[in-house]
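What follows is one structure encoded as structure tokens, with my remarks underneath.
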Amino acid sequence: MSRQNVDLGFVPQSFPEGTHMCLIYKDEEEREKIISQYVHTGLSSHEKVSYFAVKATREELLAKLTKIGVVLNEGNLDVLGAENTYCPDGKFVPEEMIGTLKQFYDSSIQKGYKSCRVSGEMHWALNKIEGSERLMEYESLVNDALRTHPVTAICQYDARKFSGETIIDCLKVHPFMIINGQVIENPYYLTPEESLLPK
């Protein structure tokens, strides 16, 4: 599958659609700046954008985007509750969420969007929901799914909330990471085949 490059908004260089990144942060202001630019650029580039929020409502996110001058196109942006998206039946099943991602890509292309991007606030997984212990397995499976359904994705991990062990595991399953507002290739990354091998 040939992939076009997309502008992420917060860095000068472009990346192939389907790039899977983790944003590990401690600074809320920096996180908001990166994500706002990422969402803004997707919308202005006629991409379908879906945002999975733990706390922020659609109205709050729109207010933040409007503040930095984002022009919204009707229907371009979905703001969904993270827990309801990842755990629609009250438990987390990685294979089902992979299906949701693939459906999102197919639907976006069918509706005429040139590409699509998502970002999720991942600390829903700290709520002791059944299946949440499979989060890193899911993140690894995402890399496999993006080979055929190239959704550009930023997964947001609050380093103040997640354990150091989880953060290290997170690095192993994301090909790219965002450090100080820059996207760099992750030297700790393991392919789905490597990371899913029996321990």
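Where a number appears in this text, it was derived from the coordinates with a stated rule and is not lab data. Values in this document were obtained by computation on a predicted structure and should not be read as measured data. FYI the Cβ positions are ideal-geometry reconstructions off the backbone, even for glycines, and counts take in every protein chain you see.
Things worth noting here:
- Convex hull of Cα atoms in region 144-199, direction-averaged projection (nm²): 4.7 nm²
- Using a cutoff of 8 angstrom between alpha carbon atoms and counting only pairs six or more residues apart, the relative contact order for the chain works out to 29 percent.
- Relative contact order (%) - criterion: Cα under 8 Å, at least six apart; region: region 102-164: 48 percent
- For HIS174, the residues whose amide H sits under 5 Å from its own are LEU190, ignoring neighbours fewer than 5 places away on the same chain, with H placed 1.01 Å from N.
- Between region 24-61 and region 147-170, the alpha-carbon center distance in angstrom: 15 Å
- Arranged from fewest to most other beta-carbon atoms within 10 Å of their beta carbon, GLU185, GLU60 become GLU185, GLU60.
- Karplus-derived HN-Hα couplings along region 10-24 (A = 6.51, B = -1.76, C = 1.60, θ = phi - 60°), whole Hz, x at Gly and Pro: 9, 9, x, 7, 9, 9, x, 4, x, 5, 10, 10, 10, 10, 9
- Furthest towards positive pole of dipole, SER163, HIS20, LEU43, structure part the chain, Cβ charges: LEU43
- Greater than 23 Å apart at Cα, pairs in LYS33/LYS55; LYS55/LYS172; LYS33/LYS172: LYS55/LYS172; LYS33/LYS172
- Largest-first principal axis extents, alpha carbons of the chain, Å: 47, 37, 35
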